[in-house]
Each structure stands twice: as structure tokens, then as C-alpha cells.
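J.: Quick one: structure below, then a few questions.
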Amino acid sequence: MARQKVTLGGEDDHGDEAEQAADAELRIVAGERAGSEDQAILQLRPRDFGEYVGQGNVMHSLKIAVKAAVNRGEPVDHVLFHGPPGLGKTTLAHIIAREMNVRLEHTSGPALERPADMVGLLSNLEAGAVLFIDEIHRLSSAVEEYLYSAMEDYRVDFVTGAGAYAKTLSFPLQPFTLVGATTRAGLLSSPLRDRFGMVYHMEYYSDEELTSVVKRSAGILGVETDEPGSAEIARRSRGTPRVANRLLRRVRDFAQVEADGRLDRDVAAAALDMEGVDGLGLDRLDRLYLTTLAHQYRGGPAGIAAIAATVNEEPQTLEDVVEPFLLKLGFIIRTPGGRRVTPEGSVHAGVPPGRLGDASSQGTLL
Ligand SMILES: Nc1ncnc2c1ncn2[C@@H]1O[C@H](COP(=O)(O)OP(=O)(O)O)[C@@H](O)[C@H]1O
Ligand SMILES: [Mg+2]
């Protein structure tokens, strides 16, 4: 069965597959799966509530729920985290297990192919364990159905035989906590979503919060940095701690080679300019998306499949990673007819808004 056992506090990173060398440059910011997150990066993952920066509202309510559950000696209610990649969903699942002092089983929607995978996983859970299902929106409905009674009554129901001979067998399970994570809450079926006691939307981090993340990570990595240097990295990290850590690592290399290891604002800015990460944190793929929409599609509306084909990228990567931040910046909008670039977006793409679609305006293909 395809699943991964993780002991408490164990580190792993599903979804951060081997580096695709050819794409790495384009995707330094946008590609969640672009960078192989090595040990140095994994050691940056906060281990308990105290180390976790930001997400104030989520944390406040989650801490109360965990504390109350610990006091009652019961598992905490099932939790769903949704939001863009790299904002700390997986981290929080691990933290819940650690704070509850229980084991964590880590799996993902696509890994649970057959109902037997799900039933086997559920029936082997220790009492009180956290079952973490990443990309939970990708469970097949046949597999997902076994979760309903498991979540509600801690049991699995089987139907054996057919027609008049059909019989339902019911097996009890140990009480457990399901923690689900998804970048697409909208794709979750409502029977599944309704069974989560707590549903949290993860927000992009503020520059101040990301500055704290960078300072903390620099401390762990032994990088000498000052406030303006950390703030410069934070400002270009598109609200995302994973990106902040990745950029810090790039800037650290640059600082070692070009500046005796000192990481101040100028060094950070020079290193990130060189990596193609602009002042707003957009990388080449983000800008390619913008210029494509502004120039080739004359500002839109254009469908995601068409844009993806033009920029030679997976539609899902664009939808999960590129578009949420461009939407947040107000550079694009989604309309029933497709995506449109806003005047601000086309200015950033180097296409003057008055000249959208004007063939003489080449824009700069950054
Ligand atoms: N609140 C936070 N404080 C500090 N670092 C964080 C925080 N959230 C995430 N990180 C860092 O970002 C990385 C990615 O987080 P992760 O939990 O894997 O994101 P997600 O599961 O939402 O894609 C982690 O390894 C961790 O180093
Ligand atoms: Mg994750």
C-alpha cells in the first residue's frame, strides 16, 4: 500500500519531488515542486505552536481546541486546512500531533488508490493518532466514502454480497483525528467537508511575519543577516514561508561567494535580482503568465488551458501557485469568460494598459 509512516516529529515532504533542473530557474518562486527540500530546509520546519509564526486567527482557535482535547483525554476534532502551497498546512498537521503527543500517519489523496488502502490505513491507526491526508481533494469517491463513518462514528462499514444477500459489516476503529490539507477547498465534496469540525483558511503572511521567519531560519542555518536584509527577502517571498526559506538559501550562497557571507539589503536585492525574482516577489513564470495574457491574449479573457499551453506549464501549477498571488496583487481577475489582466497587471508586465493587444507594443518578455 502506498503510504508513509512518520513517527512523531518526523520530517518529510510529500510534494517536493526531485528537482526538475530545466524548470528550476523559471520556477524559483512559483514552483512548489521545483526545489528538492533538503535536510537544511526540513530542519527549518517549526515543531510546536511556539515556533510557528503568524496565522493568528487559525492558531488562536487551534490552540484552544488542542488544549481542551488534551484536558479531556480525547482526540481533537477533525481539521481541514486549505490555501495556497507553502503556507504551513503540513507543518500544522505535524504540530498538532506533537502537541497531542500522538503518532502521525502521513498519506495523500492520490496515494490511496483503492478502498482497501483506506480501510487498511484506518484499521491500523493507534488510539488518538493523527491521520494526515495531503491533497485530500484528490481522493477518489470510492475511497472517500469509507471516511464518512470513520470520521463520524470511528467505524468502517462494508457491504458484502449483492441484492437480497447484501449484508453490512461494521468494524470499530480507534478514535483518531483526521487532518486534511488541500489547495482547492472548492473541489471537496460536501459530505466530506461537513465532517470536519474545524475548517481553516490559510492566509498569505505579512512582510513582518515573513521577516521573523527569515530571521529564525537564518539563525538555524547560521547565516549572518540584519533586519533590512531579512526584510528584503521577506518582501519578495510572495507571502509564503516556503518561498522565504528557499530565497534565503539562494541569497546565502550569493552572500558567501560575493560578500564574505554577510547578508544585508544590498546583497539580498542583488542576489534576488539575479535569480529573476522582482521587487514584488514575482518570478519569471509569473511574469511570463502576465505578459502572455496582456500581450498575446490582448488582456484576455483567456481560458486557463490556453494560457497553460502557451507558457508550456501545467494548468494546475498555474491555478495553485501562480494565479492566487496574482489575484491577491490585483494583477488579474477571473471572469466567467476566462482570465483578464488588470491595468496594474499589464503595467507590471511592461505592456501599457492603453495599448493592450496593440501589435506594435511588444512589452518586455521578462
Ligand atoms: N508559520 C510558519 N512559521 C515558520 N515557518 C513556516 C511556517 N509555515 C511554514 N513554514 C516553513 O515553510 C515550509 C513549507 O510549509 P508546509 O507546511 O510544507 O506548507 P504547505 O503544507 O501548506 O504546502 C516549512 O517546511 C517551514 O519551514
Ligand atoms: Mg504540504
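We did not get these values from a lab; they are worked out from the coordinates using the rules stated. Values in this document were obtained by computation on a predicted structure and should not be read as measured data. No Cβ is skipped: glycine too gets one built from the backbone with ideal geometry, and neighbour counts run over all protein chains shown.
J.: Can you tell me the order of 169-176, 278-285 when each peptide is scored by its average per-residue count of other Cβ atoms within 10 angstrom, highest first?
T.: Listed from highest to lowest mean packing, they are 278-285, 169-176.
J.: Next question, about the same structure. Roughly how many debye, to the nearest 20, is the charge dipole of segment 207-274 about its Cα centre, given +1 on each Lys and Arg Cβ, -1 on each Asp and Glu Cβ, and no other charges? Please list the in-between numbers first.
T.: Numbers: 12 positive and 13 negative charges, 88 e Å.
About 420 debye.
J.: Anything over 22 Å Cα to Cα? Flag those among K215/K328; K89/K328; K67/K328, in the order listed. Mind showing how you got there, number by number?
T.: Details: K215/K328 25 Å; K89/K328 19 Å; K67/K328 34 Å.
From K215/K328; K89/K328; K67/K328, over 22 Å: K215/K328; K67/K328.
J.: When M151, M202, M118, M59 are ordered from fewest to most other Cβ atoms inside 10 Å of their Cβ, what list results?
T.: M59, M202, M151, M118
J.: Which of P352, G300, G338 sits farthest toward the positive end of the charge dipole of segment 284-355, with +1 on the Cβ of Lys and Arg and -1 on the Cβ of Asp and Glu?
T.: Result: P352.
J.: Next up: Using a simple charge model, +1 on the beta-carbon of Lys and Arg, -1 on the beta-carbon of Asp and Glu, nothing else, what dipole does segment 284-355 show about its Cα centre, in debye to the nearest 20?
T.: For this selection, approximately 340 debye.
J.: Quick one: grab the alpha carbon gyration tensor of segment 284-355, order the square roots of its eigenvalues as a ≥ b ≥ c, and give me rounded if a/c is under 1.5, else prolate or oblate depending on whether a/b is larger than b/c.
T.: It is rounded, given that a/c, with a ≥ b ≥ c, falls under 1.5.
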